[in-house]
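Quick notes on the structure that follows.
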Amino acid sequence: MGKSLGNFITLEQFFTGNHELLDQAYTPMTVRFFILQAHYRGTVDFSNAALQAAEKAYERIMDGWHRLAELKAADTSSIKLDDYATRCAEAMNDDLNTAQVIATLFDACKVINQVNDGNATLTQADIDALKATFQTYLFDVLGVRDDAAGNGEGVNLEPYKKAVDLLLEMRRNAKAAKDWVTSDLIRDRLNEAGFDVKDTKDGFEWKVR
């Protein structure tokens, strides 16, 4: 990358999308996640396709974290968890292999999604172990931030989250009453406002696109 080659891009241009080689703006976390998915000793080739893939990967791992926070504990675990924390530690000890740490956390996300979909169960101890692994390696070690938690310091987002949850509770009640007009109206308006809504066995989950 260099000015003489015409492919020099600053961080500000990544964040604003103001460069002829970029199709869109990318958040700081997308750029960070993209870099972390490659070994620091290797060559990193920036492209729109690669950055868009990193954006989707970041969203998937954060979806896993959000689902983990909502999992309901069972009396027994129907699957035996790998020691994800040890695998992450070994990866970091292997010349700071951040790509392997992320791959390990994605393996953990597969288990989280199984439980979320009702295809497996975990005890509270196993859920707590997963939370500790994500907190330590995704947030504390890799420095990834949860953009969905808000960008402004000191901003209380709880009223906002409760308002969306209230609308979706109203939608769930409308569906139970077979009031499809109201149910579809709430879903469509939330979709227009930039929310992705997914019905689950326990109710619903949502995120901002």
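The values are calculated or read from the model by the stated rules, or taken from the named source; none is laboratory data. All of these numbers come straight from a predicted model, not from anything done at the bench. For neighbour counting, all protein chains shown are included, and Cβ atoms are generated from backbone atoms with ideal geometry for every residue, glycine included.
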Next on the checklist: Only one of VAL111, VAL144 is of a type in the set (A, V, I, L, M), modelled with pLDDT of 95 or more, surrounded by 13 or more Cβ atoms within 10 Å (Cβ to Cβ) and within 17 Å of MET62 (Cβ to Cβ). Can you tell me which?
Outcome noted: VAL111
Checklist entry - When the range 85-106 is examined, which residues are found to be among the acidic types (Asp, Glu) and either in contact with a strand residue (DSSP E or B) (Cβ under 7 Å, 6 or more places away or on another chain) or surrounded by 13 or more Cβ atoms within 10 Å (Cβ to Cβ) (or both)? => result GLU90
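With the condition kept exactly as written, say whether any residue in the range 20-30 is at pLDDT below 80, surrounded by 10 or more Cβ atoms within 10 Å (Cβ to Cβ) and on the phi < 0 side of the Ramachandran plot.
Looking through the range 20-30, at least one residue is at pLDDT below 80, surrounded by 10 or more Cβ atoms within 10 Å (Cβ to Cβ) and on the phi < 0 side of the Ramachandran plot.
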Next on the checklist: Any residue at all in the range 72-89 that's in the same structural domain as GLY42 (by TED's automatic domain parsing), within 17 Å of the chain's Cα centre (by Cα) and either of a type in the set (Gly, Ala, Ser) or over 30 Å from LEU22 (Cα atoms) (or both)?
Outcome noted: no
Next on the checklist: Report every pair of residues separated by at least 6 positions or lying on different chains whose Cβ atoms are under 6 Å apart, first residue within the range 186-209 and in contact (Cβ under 8 Å) with a residue 24 or more places away in the chain and among the acidic types (Asp, Glu), second assigned to a helix (DSSP H, G or I) and exposed (fewer than 11 other Cβ atoms within 10 Å of the Cβ).
Outcome noted: none
Checklist entry - Tell me, which residue of the range 74-84 that is crowded, with 16+ Cβ neighbours inside 10 Å and at pLDDT 95 or above is nearest to VAL44 (Cα to Cα)? => result TYR84
Checklist entry - What pairs can you find where one residue is in the range 137-149 and farther than 24 Å from ASN93 by Cβ, the other is of a type in the set (S, T, N, Q), and their Cβ atoms are less than 6 Å apart, with a gap of 6+ or different chains? => result none
Item to check | Hits in the range 85-108 (condition: among the acidic types (Asp, Glu), touching a helix residue (DSSP H, G or I) at 6+ places or on another chain (Cβ under 8 Å) and at pLDDT below 95) | outcome: ASP94
Checklist entry - LEU96 versus (1) touching a Leu at 6+ places or on another chain (Cβ under 8 Å); (2) among the hydrophobic types (A, V, I, L, M, F, W, C); (3) not in a helix (DSSP H, G or I): which is the lone unmet condition? => result (1)
Checklist entry - Could you say whether any residue in the range 138-157 is of a type outside the set (Asp, Glu), more than 27 Å from ARG32 (Cβ to Cβ), under 21 Å from the mean Cα position of the chain (by Cα) and not in a loop (DSSP other than H, G, I, E, B)? => result no
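One line per residue, one yes/no per condition, for (1) under 30 Å from LYS201 (Cα atoms); (2) assigned to a helix (DSSP H, G or I); (3) of a type outside the set (Phe, Trp, Tyr):
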position: ILE9; (1), (2), (3): no, no, yes
position: PHE14; (1), (2), (3): no, yes, no
position: THR43; (1), (2), (3): no, no, yes
position: ASP82; (1), (2), (3): yes, no, yes
Checklist entry - How many residues does the range 15-61 contain that are in contact (Cβ under 8 Å) with a residue 24 or more places away in the chain, hydrophobic (A, V, I, L, M, F, W, C) and within 27 Å of ASP140 (Cα to Cα)? => result 9
Checklist outcome for this item: Residues of the range 169-209 being of a type in the set (A, V, I, L, M, F, W, C), within 24 Å of ILE112 (Cβ to Cβ) and out of contact with any Lys or Arg (no Cβ under 9 Å at 6 or more places or on another chain), in sequence order, are VAL208
